[in-house]
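The values are calculated or read from the model by the stated rules, or taken from the named source; none is laboratory data. Since this is a predicted model, take the numbers as computed values, not measurements. Don't worry about glycine lacking a Cβ; one is built from the backbone with ideal geometry, like all the others, and counts go over all protein chains shown. Protein only, heavy atoms only, side chains kept; ligands, DNA and RNA dropped before computing areas. Shrake-Rupley method; radii C 1.70, N 1.55, O 1.52, S 1.80 Å.
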Amino acid sequence: MLRLHDTATGEVTELRHRTPGQVSMYVCGPTVYDAPHLGHGRFSLVFDVLRRYLLFSGLDVTYVSNITDIEDKIIERAASRGITPTELTDHFEAVWWEAMDALGVLRPDEAPHATDYVDRMVALITELMNRGVAYEASDGVYLSVLDVPGYGLLARQPLDSLRAGARVESAADKRSPLDFVLWKKAKPGEPTWESPWGRGRPGWHTECVVMSLDLLGDGFDLHGGAIDLIFPHHENERAQAVALGRDFAHHWVHNGWVTVDGEKMSKSLGNFTSLDDLLTRSDARAYRLLVLRSHYRSPIEVTPETVTDAESGLARLDEMARRFGLPDLLASGPVVDGAVAGSFDAEAVSRFRDRMDDDLDTPGALAGIFDLVRQANASADDGDEVAAGRAAGTVGLLAAALGLPLRGEVSTETDPVGADLVRRRDEAREHRDWTLADQLRDELMALGWVVEDGPEGTRIRRP
RNA sequence: GGCGGCGUGGCCGAGUGGUUCAGGCAGGGGCCUGCAAAGCCCCGUACGGCGGUUCGAUUCCGCCCGCCGCCUCCA
């Protein structure tokens with residue numbers, strides 16, 4: 001049974017399933033006004049791994065993740081580029097999915113857009129008004145947080161301290177500085193929708209309430225996102241649900257930062273690396289491995305060194321996969337424990353699940369996988385093909401459970417130049433002409449090949 | 001100011017009151033190899049500082065130092 005840290009309680013508790021055998025999860029997606037950076041990549045990978053692990057465990061998972069396509073930054077960015085907000089969001093949504101595909105992140109079952117839910121947001125705000133917890137001010141409609149029991153639960157701060165820290169807002173007629181906007185009244189040049197309070201657009205915190213409840217229903221199991229969403233975004237989502245008397249998310253899961261030189265990576269600090277930058281420089285699987293090497297709640301430091309480190313680890317896995325000719329188990333979708341043909345080390349799988357069940361201890365799970373790699377190679381060196389094959393196959397299975405496909409296919413390079421050099425090198429080695437053989441190897445390496453001599457002769461492959 | 005997190009061997013990064021352990025990367029030695037590469041075997045006696053609790057603390061408590069985050073848009 002999976003136990004996960006719950007931000008609402010601060011404790012690691014069992015993930016409840018509203019319906020036995022099924023898990024409903026909602027993960028806050030991106031605001032598509034710019035290209036995704038490493039932080040977006042991390043949260044996407046973390047929740048992808050959580051989702052895949054639930055699937056691996058034999059559960060049905062409904063995964064909803066939204067696209068925020070109406071928001072201040074979108075309007076500003078579009079204006080500065082002289083294009084419409086829709087043109088901007090269409091573009092960056094396409095960029096988003098491209099990056100997700102490159103990372104091997106499964107597409108959500110549903111990816112609702114805020115702009116498709118405006119009427120339902122208006123309905124929700126109306127109900128909050130009817131209940132007397134929302135009020136109209138000069139520039140919009142606000143939720144009165146003082147009327148929401150337990151406000152501050154996720155922030156884990158008493159209301160007073162939140163209030164003390166709140167910045168004075170522009171709207172002079174807000175009842176409390178903590179009250180947050182549900183509906184923004186129209187300003188010139190902005191996209192607007194009709195509402196009982198005049199034309200305008202929804203505030204950010206309402207869309208996720210509406211979309212999660214609409215697509216997953218009341219009392220869904222898990223709501224996730226990066227740590228910075230805890231306050232105010234998730235706090236405010238929860239406040240609306242509470243004010244409506246509706247059962248909201250039962251488990252709150254938040255992942256830690258990507259840092260650079262120990263500092264939070266963010267667009268406002270300007271120290272971010274775009275996902276695209278990383279993916280053109282490095283194997284996307286290396287970033288998944290890098291993310292998995294740390295606990296999801298810890299900060300991860302992404303530097304050229306840590307990326308190289310992860311690449312080396314990945315190469316070790318691939319090398320083993322090649323040695324044993326492992327198939328790509330992810331070619332046909334996520335893997336489910338017990339549904340994959342082959343001989344596996346049941347104890348190792350059990351240890352893996354123990355690690356994962358313990359608040360998604362991916363570092364521990366990976367340690368077990370690397371142990372199996374060593375076992376597989378050692379057994380093969382000893383000539384125990386059965387044990388070796390089982391250990392190697394288990395590595396493939398468990399890596400796949402984490403969404404990490406291994407490159408096990410034997411190289412079928414047909415490059416004529418390379419093949420010719422290999423043939424000449426094999427001849428030279430047969431004649432014990434080591435000088436020529438070394439020279440040919442240098443040529444191959446200069447062409448970018450990895451050269452390995454085995455009992456059957458020289459093999460080359462791309463690194 | 002309020003709230004919270006972190007400080008582990010060259011680097012990354014787990015974990016635990018005490019005989020042996022994470023794991024990865026890098027490094028050293030060895031085996032294998034014509035030489036390599038890959039692989040295997042062996043090697044590092046680390047836990048910010050000062051006290052306290054204890055037979056014994058990296059692990060528990062207190063204080064201190066340093067770093068980071070949230071309280072404002074932010075993944």
remark   = With 0.36 nm assigned to each residue of separation and the Cα-Cα distance removed, A:Asp228 to A:Thr13 gains 75.2 nm
key: Sequence-distant residues sharing a close amide H with A:Phe272 (under 5 Å, placed H)   = A:Ser266
ask   = Counting only residues 5 or more places away or on other chains, whose amide H sits under 5 Å from the amide H of A:Arg459 once H atoms are built in the peptide plane?
value = A:Glu452, A:Asp453, A:Gly454
note = Cα-Cα longer than 21 Å, checked against A:Lys73/A:Lys184; A:Lys185/A:Lys267; A:Lys73/A:Lys267; A:Lys184/A:Lys267, kept in input order, equals A:Lys185/A:Lys267; A:Lys184/A:Lys267
task = Write down the accessible area per residue of the stretch A:416-461 in Å², having rolled a 1.4 Å probe over the full set of protein chains.
result = 65
note = Sequence order, the stretch A:214-230: Karplus ³J(HN,Hα) from phi using 6.51 cos²θ - 1.76 cosθ + 1.60, θ = phi - 60°, Hz rounded, Gly and Pro as x, gives 5, 8, 10, x, 4, x, 5, 7, 9, 10, x, x, 7, 4, 6, 7, 3
key: Cα gyration tensor of the stretch A:1-154 - equivalent ellipsoid semi-axes, whole Å, descending   = 29, 26, 14
task = Just the ratio, please: alpha-carbon radius of gyration of chain A over 2.2 N^0.38 Å, N its number of residues.
result = 1.16
ask   = Angle between the Cα long axis of helix A:72-81 and the longest principal axis of chain A, 0 to 90 degrees, nearest 10?
value = 70
query = Which of rounded, prolate, oblate describes the stretch A:23-75, given a ≥ b ≥ c as roots of the alpha-carbon gyration tensor eigenvalues and a/c under 1.5 marking rounded, otherwise prolate only if a/b is larger than b/c?
reply = oblate
remark   = Here the percent of antiparallel bridges among DSSP beta bridges lying wholly in chain A, to the nearest 5, is 55
ask   = Leaving out ligands, DNA and RNA, what percent of the accessible area of chain A is carbon and sulfur, probe 1.4 Å?
value = 49
query = Does anyone have the angle between helix A:434-446 and the longest principal axis of chain A? Alpha-carbon axes, 0 to 90°, nearest 10?
reply = 20
message = Skipping prolines and chain starts, which residues have an amide H placed within reach, meaning under 5 Å, of the one on A:Ala134, given they are 5 or more residues away or on another chain?
response = A:Met129, A:Ser144
message = Apply the Karplus curve 6.51 cos²θ - 1.76 cosθ + 1.60, θ = phi - 60°, to the phi angles in the stretch A:94-104 and return the couplings in whole Hz, x for Gly and Pro.
response = 4, 4, 4, 5, 4, 5, 5, 4, 5, 7, x
ask   = What FRET efficiency comes out for the pair A:Gln439/A:Ser161, r = Cβ-Cβ distance, R0 = 56 Å, nearest 0.05?
value = 0.20
